[in-house]
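Data block below; observations after.
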Amino acid sequence: MPGVSKQGNVTDLPDEAGTASPSSSKTRIVDIPDVLTVKQLSDLLQVSPIDIIKQLMRNGIMVNINQAIDYETAAKVVVTYGYEAHLQPQADRKVTTQVRDIKQEQLKHDRAVGGDTRPPVITVMGHVNHGKTRLLDAIRQTHVMDTEAGEITQHIGAYQVEVKGQKITFLDTPGHEAFTAMRARGAQVTDIAVLVVAANDGVMPQTLEAINHAKAAGVPIVVAINKIDIPEVNIELVKQQLADAGLLIEEWGGDTVCVPISAKENQGISDLLENLLIVAEMEELKADPSRPAEGVVIEAQLDKTKGPLATVLVNTGTLSLGDTIVAGDTWGRVKAMFNDVGKQVKEAGPSFPAKILGLNSVPREGDILTVVASEQQAKDMVEKRRQMEEQESTAQRGVGLSNILEQVSTGQVKELNIILKTDVQGSIEPIKNSLAQLGTDEVRVRVIHSNSGNITESDVMLAIASQGIIIGFSTDSEVGARRLAALEGVSIRYYDVIYNLVDDVNKALKGMLEPTYTEVVEGRAEVRDIFPSGKASKAAGVYITDGKVTRGTSVRVLRGNELVAESTVASLRRFKDDVREVTAGYECGVGIRDFNEFAVGDMFEFFRVEEAG
Ligand code: GDP
C-alpha cells in the first residue's frame, strides 16, 4: 500500500470480483486529514512534491514543500492523479494530534536538511519556594542582551539571554504545571528542564512531580541545587535524595548535570548557563530559518487599546511582519512584533519569543501558530477547526481505560501510561509491582508518576499530555481535577482493593472492560429573546442561570416539563464575537444544530456524557 502513514491512507476501490489492485484503472480513494503538508501529500500519493506544488500554483496557491494545506485544497489536487479524496475518519482527526504530527514532520525535515542550530528553550521547575522565580530574575538581570539605557525587560512570557555569544531562551512561567498544560494542548516547547532544589529543604513532593513530568515528556533535566549560601546546608544529602528519586548525577556515575547555585547571591549562575549550552549541544537542536514560521502561543491577552496580543515562540522558520497566520481557531496578519525589552522587531527566528499584534481574537496558550499562504486559506482552516472542535467536544476524548484496546489496535497506544495516587506511600510499591506483571505483546504498562495524596489538576494534565489514565487507590480527587478530567475525557478510576485495581487494568488491556457512561449537567440557561441568524436559522438570546455553556456541548431544550429537542450548541456569541464559553450571570446568543423553534421562556440544559471512572 503506497504511502500509508498517520496522515492518510490510500485504498483501491475493489473491482467487480472484489479484488483490489494498485495497477487497476479504477478510482482510488485517498483518506486525507483536515490539514497536511505538501510533503505529506506527496508521500501519500507517491508523486513528486514539485509536481504537487505546480498543481497548486495552477490553482493560484503558492506554497512550499513544508507548508500546510487544508483538505479542500488537497482534494482538488488529488483528482489530477486519479484519486478521490475522503476526509479522514473523525477518530483520527484531533486538531492537536494533527498539528503535532505536522510539527514533528517539519522538525524532522529541519534536522534532515541540516538546518541551523537554534537556541534551547528552558523551563524552570521545582518545589514551591525553592527559588525558581528568583533564579529566573537573577538570570535575566545578569545576562539580558543588549539592553540599552532606560530599557527594562518586559514580561512577555519568555526572554532570551546571551552566554558566550550563544543565546538561551527561558520561559518565564516556572513550574511543571504550565509545562504540562502546554503539552496537554499538543505543544512541547521546552528543550531542557532546570530542576531547582533548595539545598536546605531537599527533594520535596513537587520536586518528584517535576522529575516525572519532565521524564514523561522526554525532556532532559539539569539540576540546580539552590540556596547554597545558607550555612551548613548538606548538598550531598540532596544528591542522595535525587538518586533515590531516579535522577543520578554525573558525579555519581549518572548523566544528569548538577550545578550548585545561589540565586540570591548570584553564585554559580554562569556555570549553570554554560552547562545548559552543553546539554543543548548534545540535543542537536536545529531549525531552518528560511522557511515560513511554525510556533507556539505561550501567552495571550486582550489589551484594551491594542487588541489581542500573543507571545509566540517560534519553533522553526522565521515569522515576519505581514505574514498571514493561524493560531488555534483564530487568524490574522502580523501587524507589529516586539521583543522581550519592548523593542519593535521585523522578524522572529527560531526560539525567539515575540509579542505579536494582529490576530483577530485572543488565542489560547499552547495553540500552534502556522503561517499560511492566503487570507482565504486562514479563514477556511479556522472554520474547519471550529467545526472539528465542536465534534470533538461532543465525542469522547483522551484515553479512557476501556477504549485502550481500540487505540492499541490502531497503533495509537503502545504503552498504557498510568498515574497512580495512593493514600499512603507504602501502597505505591506493591501496586507498581503488581502492575508491572501485566502487559501484553501489544501494550506495556508504565507507571509514569506515583505519589501519595489526592488527585490534582496537575495529575490530570500529565494524563492528558501523556495519553494516560489516573488510578486513585484509597484516595480522592480535588474538585478542579475532577472537572478537568470530565472536560478532557481523562479516565480516573478509584479502588480500595489492589486485586480489583489490577484486575480492571488487566481486563482493559485485553479489551474486556465495558465502558460505563454518566451524564454531567454543565449549566442552564433561560431563553429571553429570539433573533434571526444567517439566512434560514435562528438563535436564542439567553441568560445563563447557572454553570456555563461551551460551544459544541450537548443541549436539551425544555418547555415546561416537555423535552422539545436534544442537539448540540452550534454557535455561541457574545455581542458580535464568537466565543468558546459563557458562564453564569451573562447573556449570550446560542444557535442549536438543526433546531430553530425557540420560544421565550424555554430552558436550555447543557450537558456532557462522560465515561464513568
Ligand atoms: P519559587 O516559589 O520556587 O518561585 O521561589 P522564590 O523564587 O519565590 O523564592 C522563595 C524564597 O526563597 C524567597 O524568599 C527567595 O528570596 C528565597 N531564595 C531564593 N533563592 C535563594 C537563595 O539562593 N538563597 C537564599 N538564602 N534564599 C533564596
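Observations
- Verdict on Ile261 being surrounded by 24 or more Cβ atoms within 10 Å (Cβ to Cβ) and over 18 Å from Ala187 (Cα atoms): yes
- Output for segment 552-565, where each listed residue is surrounded by 14 or more Cβ atoms within 10 Å (Cβ to Cβ) and of a type outside the set (A, V, I, L, M, F, W, C): Gly552, Thr553, Ser554, Arg556, Arg559
- Total residues in segment 226-265, condition touching a helix residue (DSSP H, G or I) at 6+ places or on another chain (Cβ under 7 Å), within 16 Å of the ligand (Cβ to nearest atom) and part of a loop (DSSP other than H, G, I, E, B): 4
For (1) touching a His at 6+ places or on another chain (Cβ under 6 Å); (2) closer than 30 Å to Pro174 by Cβ; (3) of a type outside the set (D, E, K, R); (4) not in a helix (DSSP H, G or I), each residue gets a yes or a no:
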{"residue": "Asn451", "(1), (2), (3), (4)": "no, yes, yes, yes"}
{"residue": "Val460", "(1), (2), (3), (4)": "no, yes, yes, no"}
{"residue": "Arg493", "(1), (2), (3), (4)": "no, no, no, yes"}
{"residue": "Asn506", "(1), (2), (3), (4)": "no, no, yes, no"}
{"residue": "Glu519", "(1), (2), (3), (4)": "no, no, no, yes"}
{"residue": "Phe531", "(1), (2), (3), (4)": "no, no, yes, yes"}
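- Flag for Gln67 being modelled with pLDDT of 80 or more, within 23 Å of the chain's Cα centre (by Cα) and under 29 Å from Val296 (Cα atoms): no
- Being at pLDDT below 85, touching a strand residue (DSSP E or B) at 6+ places or on another chain (Cβ under 8 Å), of a type outside the set (Asp, Glu) and assigned to a strand (DSSP E or B) is a description that does not apply to Ile102.
- For segment 57-71, filtering for residues that are in contact (Cβ under 8 Å) with a residue 60 or more places away in the chain and buried (at least 16 other Cβ atoms within 10 Å of the Cβ) leaves 8.
- Subset of segment 266-285 that is among the acidic types (Asp, Glu) and away from the ligand (no atom under 16 Å from the Cβ) - its residue that is modelled with the highest pLDDT: Glu274
- The single condition among (1) surrounded by 20 or more Cβ atoms within 10 Å (Cβ to Cβ); (2) within 16 Å of the ligand (Cβ to nearest atom) that Val312 does not satisfy is (2).
- Options Thr256, Thr330; residue that is modelled with pLDDT of 90 or more and closer than 30 Å to Val233 by Cα: Thr256
- Counted residues, segment 166-180 - those being modelled with pLDDT of 90 or more and more than 16 Å from the ligand (Cβ to nearest atom): 4
- Pick from segment 122-142, criterion β-branched (Val, Ile, Thr) and either crowded, with 17+ Cβ neighbours inside 10 Å or outside the structural domain of Asp201 (by TED's automatic domain parsing) (or both), ranking: nearest to the ligand (Cβ to nearest atom): Val124
- Residues (over 21 Å from Asn315 (Cα atoms) and more than 16 Å from the ligand (Cβ to nearest atom)) located in segment 181-206: none
- Number of the condition not met by Val527 [criteria: (1) surrounded by fewer than 19 Cβ atoms within 10 Å (Cβ to Cβ); (2) over 26 Å from Arg385 (Cβ atoms); (3) in contact (Cβ under 8 Å) with a residue 40 or more places away in the chain]: (1)
- Among (1) free of Cβ contacts under 8 Å to residues at least 40 places away in the same chain; (2) crowded, with 20+ Cβ neighbours inside 10 Å, the one test that Ala243 misses: (2)
- Residues located in segment 570-608, provided they are in contact (Cβ under 8 Å) with a residue 60 or more places away in the chain, surrounded by 15 or more Cβ atoms within 10 Å (Cβ to Cβ), within 25 Å of Asp329 (Cα to Cα) and aliphatic (A, V, I, L, M): Ala570, Val590
- From the options Asp303, Asp329, residue that is over 16 Å from Ala348 (Cα atoms), surrounded by fewer than 20 Cβ atoms within 10 Å (Cβ to Cβ) and acidic (Asp, Glu): Asp303
- Which numbered condition Glu250 misses (of (1) in contact (Cβ under 8 Å) with a residue 12 or more places away in the chain; (2) in contact with a Cys (Cβ under 8 Å, 6 or more places away or on another chain); (3) exposed (fewer than 14 other Cβ atoms within 10 Å of the Cβ)): (1)
- Cβ pairs under 8 Å, 6+ apart, first in segment 257-269 and touching a residue at least 40 places away in the same chain (Cβ under 8 Å), second in a loop (DSSP other than H, G, I, E, B) and near the ligand (Cβ under 6 Å from one of its atoms): Ala263/Gly131; Ala263/Lys227; Lys264/Gly131; Lys264/Lys227; Lys264/Asp229; Ile269/Ala263
The values are calculated or read from the model by the stated rules, or taken from the named source; none is laboratory data. Since the model is a prediction, treat every value here as computed from it, not as a measurement. Heads up, the Cβs are rebuilt from the backbone with ideal geometry, glycines too, and the neighbour counts pull from every protein chain shown.
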